[in-house]
Each structure stands twice: as C-alpha cells, then as structure tokens.
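One structure is given here, and the rest of the page talks about it.
The values are calculated or read from the model by the stated rules, or taken from the named source; none is laboratory data. Fair warning: this is a prediction, and the values are worked out from it, not measured in the lab. Every residue, glycine among them, receives a Cβ derived from its backbone with ideal geometry; neighbour counts consider all protein chains shown.
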Amino acid sequence: MNLKGQSRRMSMLETVVCVIAGYILTVLMQYFLYPLFGIIVPAKEALLISMFIVIIAFVKNFAVRRLFNAVHVKKIKV
C-alpha cells in the first residue's frame, strides 16, 4: 500500500486560502462585533490587528497540516 500525502505546495495553497478566508472573517467580526462590546478601533489599527492574526494563523495552519500529513503517510501513532 502506497500512502501518498498532500504535497507541500498543496498544503501551502490550502493554508493560504484558509487564512485569506480567516482574514476576511476577522475584519468583518471586528467591524460588526467590536462596537457591540464598546470597543472602538480605527480601521487602520483593526486591519493591522487582523494582519497579525493572519500571520499567526498561517504558520499554525501550515504546521498542523504538515503534522497530520506526516502522521498519515508514516502511520505515526498519536
């Protein structure tokens, strides 16, 4: 049985798409939810905060994706 996992390129592409979707959701949540909690953040700062969240999410998502790929391909017991 030949188990072939997801390529690094496809992992990267999937991660980028997920993070872009996450960025859009984060910006929308800040726009709609922050005011409900009395949090007022200027647009420029809100976008910067979202960018930090996206960078962290990207690194985390890619690392988790590669870990699960390694577990799948190498049959590592978790």
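Scanning the stretch 29-48 for residues being under 24 Å from V16 (Cα atoms), among the aliphatic types (A, V, I, L, M) and exposed (fewer than 11 other Cβ atoms within 10 Å of the Cβ) gives a total of 1.
Report yes if I39 is hydrophobic (A, V, I, L, M, F, W, C), modelled with pLDDT of 85 or more and not in a helix (DSSP H, G or I), otherwise no. Steps first, please.
Details: hydrophobic (A, V, I, L, M, F, W, C): yes; modelled with pLDDT of 85 or more: yes; not in a helix (DSSP H, G or I): yes.
Yes; evaluated as a whole, the condition is true for this residue.
Residues checked against (1) aliphatic (A, V, I, L, M); (2) surrounded by 13 or more Cβ atoms within 10 Å (Cβ to Cβ); (3) without any contact (Cβ under 8 Å) to a residue 60 or more places away in the chain; (4) part of a helix (DSSP H, G or I):
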{"position": "A21", "(1), (2), (3), (4)": "yes, no, yes, yes"}
{"position": "V27", "(1), (2), (3), (4)": "yes, yes, yes, yes"}
{"position": "S50", "(1), (2), (3), (4)": "no, yes, yes, yes"}
{"position": "N69", "(1), (2), (3), (4)": "no, yes, no, yes"}
